[in-house]
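Notes follow once the structure below has been shown.
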Amino acid sequence: MLCPGCQSDVVGKITTKKENIRIRGEKINVTCQTRVCNICGSDIHDAELREKNIKNAENVYRHIHSMLFPEDIALIRKSYGLSQRLFSVVIGFGVKTIMRYERGALPDEAHNNLIITLRDPKIFIDIWNRKRHLLSDGDNAKISHTLSISIKDPNLLRYISFGFQDRHSSKAIMSN
């Protein structure tokens, strides 16, 4: 690597220092790894280290704002036996959005909050029942099977097959 300070071709050494990194306009103070010239001590740009430092700052941001981590999002999706495509259809996001979130992109607050609520199977079932018409019979059967295995509450199990009969049902709307 070429040192910008002394113009020497050096490997440099990795050191740590506190740095503020802006995440969504907020300064996040994190301990960063930086590469410095072992001859003159100047900072040497290292894109790989910079990317790791940004990811570290994003993770601190997630903690501060109670945001889901990528593995949390994938775990919620997988708990219902869904592919990224099916999950995106059920919750109304684009599949590329789900892919980005599971690879580490920070979800926006509304998306984060919706995904958090899906930890509750009743909420997932309610949303799924409203989107069943967008899925194939096979996809609905797979979701129903996964839910019937994982849910032990008999009161909740009845909604898997019939949906929530509430103010949104067609019969309720037509009779009003």
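What follows is calculated from the coordinates using simple rules that are stated; it is not laboratory data. In this text the structure is predicted, and so the values were computed from the model without any measurement. Glycine also receives a Cβ, built like all others from the backbone with ideal geometry; neighbour counts cover every protein chain displayed.
Our summary gives region 13-64 a relative contact order of 33 percent, counting only alpha carbon pairs under 8 angstrom and 6 or more residues apart. The tail of the calculated P(r) for region 17-73, taken as Cα-Cα distances beyond 13 Å, holds 64 percent of the pairs.
Residues of region 41-56 falling in the label zone of Lys17, defined by backbone nitrogen less than 13 Å from a point 7 Å along Cα to beta-carbon, are 41-46.
Summary value for the chain: 14 percent relative contact order, contacts being C-alpha pairs under 8 angstrom separated by 6+ residues.
A dipole drawn for the chain from +1 and -1 charges on Cβ atoms has a positive end, and of Cys37, Asn56, Val95 the residue lying farthest that way is Val95. Unpaired cysteine residues in the chain (no second Cys Cβ under 4.7 Å): Cys32.
One entry in (i) 12.8; (ii) 14.3; (iii) 12.2 is mean projected area of the Cα convex hull in nm² calculated from the shown coordinates; its label is (ii).
So what is the 222 nm mean residue ellipticity for the chain from helices alone, if each DSSP H run of at least 4 adds -39500 (n - 2.57) and you divide by all residues, rounding to the nearest 500 deg cm²/dmol? Could you put the intermediate results ahead of the total?
On the way: 9 runs with 94 residues, N = 176.
Helices in the chain give a 222 nm mean residue ellipticity of -16000 deg cm²/dmol.
Note that region 126-139 has calculated 3J(HN,Hα) couplings of 4, 5, 4, 4, 6, 10, 3, 5, 8, 10, 6, 4, x, 5 Hz, one per residue in order, obtained from phi through the Karplus relation 6.51 cos²θ - 1.76 cosθ + 1.60 (θ = phi - 60°); glycine and proline are x.
In this simple spin-label approximation, Leu75 and His45 carry label points 7 Å from Cα along the Cα→Cβ vector, and these lie 3.8 nm apart. Between Val60 and Glu109, the modelled label-to-label distance comes to 2.1 nm, taking each label 7 Å out from Cα in the direction of the beta carbon. For Ile28, the residues 5 or more places off, or on other chains, whose built amide H falls under 5 Å of its own are Ile21, Arg22, Ile23.
Once you reduce region 28-68 and region 82-155 to the center of their Cα atoms, the two points are 33 Å from each other.
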